[in-house]
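Everything on this sheet refers to the single structure shown next.
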Number of protein chains: 2
Amino acid sequence: MTTASRTARERVRAELIREITDIARRHLSTDGAAGLSLRAVAREMGMVSSAIYRYFPTKDDLLTALIIDAYNAVGAAVEQADAGCARDDFLGRWLAMCQAIRAWALAHPHEYALIHGTPVPGYQAPADTVDPAARDGIMFAKVLSDAHAAGAIQVPADTPAPEEFAGDAAALREAIFVGLPDEVILRGIHAWTWVYGSVSFELFGMYNSVVTAPAATFEHGARSIAHYLGLR
Amino acid sequence: MTTASRTARERVRAELIREITDIARRHLSTDGAAGLSLRAVAREMGMVSSAIYRYFPTKDDLLTALIIDAYNAVGAAVEQADAGCARDDFLGRWLAMCQAIRAWALAHPHEYALIHGTPVPGYQAPADTVDPAARDGIMFAKVLSDAHAAGAIQVPADTPAPEEFAGDAAALREAIFVGLPDEVILRGIHAWTWVYGSVSFELFGMYNSVVTAPAATFEHGARSIAHYLGLR
DNA sequence: GAAGAGTCAAGAGCAGTGCTCTCGTTTTTT
DNA sequence: AAAAAACGAGAGCACTGCTCTTGACTCTTC
């Protein structure tokens, strides 16, 4: 079935789904995930509450759509940040990606919370979320791979990777961390963990009355962690 | 008013509050924060739903009590872990504290989520939470201070602390990071951020299908981050 | 082009929630 | 002993996610 031959019903359905997610995302960005109500969305669309269940049979389904959107948004932000850097400026690419994530999170706190906060109890991420969820990490791994291939990574030797990690490392090396030694893959995961930990701390108020210059603090972190990664 | 002169009503009130929080914590640990219902707790106590509002005028008040408990529990776990180490084994103390946090989080995932997940929208942490919330960080800062005083920290020189951080550093140095140079304080914050980021990633499923040996991965992270801190 | 199948909005309804208000009773204070 | 405060119970309000049924509409198939 081509786009041209889509039936009228299918077209209005797609349009309605788009409108629902748009309204829902607006509600999300003002009231947070817990304040999102299918009835309120339906009300704003001039629908009766039960009608919305034709399009999203469950609140979780709506949330899933928003989660996928959020993952894609941060993934796109990271990719765009990376694209704006010289290919051989590995430290610059790493910093730009970190900043992009933080900037996106600060601009969309509730959407960030949706994907990096407490999982909604009972909510199990469906399969269609895993690809969008991996976009940012893939870009990050690419920077490390590129840097290593260019000889710009000095593999740290102070804390050898545990052998329990060998299997994971092999799988990751084949998929995204191409060519990297275990120790760098492991540190890459830790670095990635730090990025999101730092953004979460800032966004969720853990830095209140401790860090008053979060931007500078974050950049220092990103720089020092790059050094931790062996990026020179 | 001494304990002996407490009126009967006050004693039964304290007991009821204790019982309510106990039941609430049990519900929390099985259903999560969003599944916690004042009515369900009241029901389990044989109370009518409105009666519970005499003790916790709002759901947020109950949550606050649970949050304080959770902070104190993880704080106590960290303190106990630290106490079990030789005073001059700074790396050991750091590792023990990291492991204690992870172990507590794995044992009490929903309580961990309560204090390190998405803040409940509209919920503003009251003043009585900040002291319990600081316990773990204080212990961690103490290890760094002790290590530095004993000459066991080799201050990293690759990424100088930004001057925007000087004010925060001065305040922190006076309060908890006693005697430490800015660069170490800053890295201490980043290290602390990594710890909770790592535990959150593992607990919230971000490591799914990436890291299959979380314990070994976590320990490697703690060790390598200790090196990042300059702990020798 | 008409019949049948599928899709839709609407409405009523169920079980649950946080929270409020009132009312009669009990306990504490004065 | 009287006044004040605290309490449990019950009814009720506004809201939620979700289900079921009904009648109208649209698309497909013969």
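The values are calculated or read from the model by the stated rules, or taken from the named source; none is laboratory data. What you see is a predicted model, and the numbers here were worked out from it, not measured in a lab. Quick reminder, even Gly has a Cβ in these numbers, built from the backbone with ideal geometry, and neighbours come from all protein chains shown.
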A:ASP158, sole failed condition from (1) under 24 Å from the mean Cα position of the chain (by Cα); (2) under 30 Å from B:ALA169 (Cβ atoms); (3) among the charged types (D, E, K, R): (1)
Taking the stretch A:127-169 only, how many residues are within 14 Å of chain B (Cβ to nearest Cβ) and farther than 19 Å from B:TYR207 by Cα? 7
Only one of (1) surrounded by 22 or more Cβ atoms within 10 Å (Cβ to Cβ); (2) in contact with a helix residue (DSSP H, G or I) (Cβ under 6 Å, 6 or more places away or on another chain); (3) more than 8 Å from chain A (Cβ to nearest Cβ) fails for B:ILE176. Which number is that? (1)
Since B:LEU36 meets every condition but one in (1) within 8 Å of DNA strand C (Cβ to nearest atom); (2) more than 12 Å from chain A (Cβ to nearest Cβ), which condition does it not meet? (2)
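Scan the stretch B:39-67 for residues that are in contact (Cβ under 8 Å) with a residue 24 or more places away in the chain, within 13 Å of DNA strand D (Cβ to nearest atom) and farther than 13 Å from B:ASP22 by Cα and jot them down.
Those that are in contact (Cβ under 8 Å) with a residue 24 or more places away in the chain, within 13 Å of DNA strand D (Cβ to nearest atom) and farther than 13 Å from B:ASP22 by Cα: B:ILE52, B:TYR55, B:PHE56.
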List every residue pair whose Cβ atoms lie under 6 Å apart, where the two residues are 6 or more positions apart in sequence or sit on different chains, the first residue falls within the stretch A:192-221 and is within 23 Å of A:PHE140 (Cβ to Cβ), and the second residue, located anywhere, is among the charged types (D, E, K, R) and assigned to a helix (DSSP H, G or I). A:VAL199/A:ARG102; A:PRO214/A:GLU202; A:ALA216/B:GLU164; A:PHE218/A:ARG102
Exactly one of A:ALA83, A:ALA51, A:ALA77 is more than 12 Å from A:GLU111 (Cβ to Cβ), assigned by TED's automatic domain parsing to the domain that holds A:MET97 and modelled with pLDDT of 95 or more, and that residue is A:ALA83
Collect the residues in the stretch A:146-170 that are buried (at least 20 other Cβ atoms within 10 Å of the Cβ) and assigned to a helix (DSSP H, G or I), keeping them in residue-number order. A:ALA147, A:HIS148, A:PHE165, A:ASP168, A:ALA169
Which condition from (1) under 29 Å from B:HIS227 (Cα atoms); (2) of a type outside the set (A, V, I, L, M); (3) within 13 Å of another protein chain (Cβ to nearest Cβ) is the one that A:GLU111 breaks? (1)
Checking A:ALA70 against (1) within 14 Å of chain B (Cβ to nearest Cβ); (2) within 16 Å of DNA strand D (Cβ to nearest atom); (3) part of a helix (DSSP H, G or I), which test does it fail? (2)
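Is there a residue in the stretch A:7-26 that is in contact with a helix residue (DSSP H, G or I) (Cβ under 7 Å, 6 or more places away or on another chain), away from DNA strand C (no atom under 16 Å from the Cβ) and either more than 14 Å from chain B (Cβ to nearest Cβ) or not aromatic (Phe, Trp, Tyr) (or both)?
Taking the stretch A:7-26 first, the residues in contact with a helix residue (DSSP H, G or I) (Cβ under 7 Å, 6 or more places away or on another chain) are A:19-21, A:23-25.
Still in the running and away from DNA strand C (no atom under 16 Å from the Cβ): A:25.
With either more than 14 Å from chain B (Cβ to nearest Cβ) or not aromatic (Phe, Trp, Tyr) (or both) added as a condition, the list becomes A:25.
The answer is yes, given that some residue of the stretch A:7-26 is in contact with a helix residue (DSSP H, G or I) (Cβ under 7 Å, 6 or more places away or on another chain), away from DNA strand C (no atom under 16 Å from the Cβ) and either more than 14 Å from chain B (Cβ to nearest Cβ) or not aromatic (Phe, Trp, Tyr) (or both).
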With criteria (1) more than 16 Å from DNA strand C (Cβ to nearest atom); (2) free of Cβ contacts under 8 Å to residues at least 60 places away in the same chain, B:ARG102 comes up short on (2)
Conditions (1) near DNA strand D (Cβ under 9 Å from one of its atoms); (2) among the hydroxyl-bearing types (Ser, Thr, Tyr); (3) in contact (Cβ under 8 Å) with a residue 12 or more places away in the chain: number failed by A:THR21: (1)
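Give the stretch A:215-232 a look and list any residue that's over 20 Å from the mean Cα position of the chain (by Cα), assigned to a helix (DSSP H, G or I) and either at the interface with another protein chain (Cβ under 8 Å from one of its Cβ atoms) or not aliphatic (A, V, I, L, M) (or both), or say none.
Our first condition is that a residue be over 20 Å from the mean Cα position of the chain (by Cα); within the stretch A:215-232, this holds for A:216-217, A:220, A:223-224, A:227-232.
Then drop every residue that is not assigned to a helix (DSSP H, G or I), which leaves A:216-217, A:220, A:223-224, A:227-229.
Once the filter is applied, which keeps residues that are over 20 Å from the mean Cα position of the chain (by Cα), assigned to a helix (DSSP H, G or I) and either at the interface with another protein chain (Cβ under 8 Å from one of its Cβ atoms) or not aliphatic (A, V, I, L, M) (or both), the stretch A:215-232 yields A:ALA216, A:THR217, A:HIS220, A:ARG223, A:SER224, A:HIS227, A:TYR228.
On the basis of being under 16 Å from B:MET139 (Cα atoms), more than 13 Å from DNA strand D (Cβ to nearest atom) and part of a helix (DSSP H, G or I), does B:ILE101 make the cut? Explain how you work it out, then say what you get.
Numbers: under 16 Å from B:MET139 (Cα atoms): yes; more than 13 Å from DNA strand D (Cβ to nearest atom): yes; part of a helix (DSSP H, G or I): yes.
Criteria met by B:ILE101.
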Mind listing whichever residues of the stretch B:28-44 are buried (at least 17 other Cβ atoms within 10 Å of the Cβ) and in a helix (DSSP H, G or I)? B:LEU28, B:LEU38, B:VAL41, B:ALA42
Only listed residue being hydrophobic (A, V, I, L, M, F, W, C), at pLDDT below 95 and not in a helix (DSSP H, G or I), chosen from B:VAL130, B:VAL120: B:VAL120
Unique residue being closer than 17 Å to A:ALA222 by Cβ and small (Gly, Ala, Ser) when the list is A:ALA86, A:ALA65, A:ALA105: A:ALA105
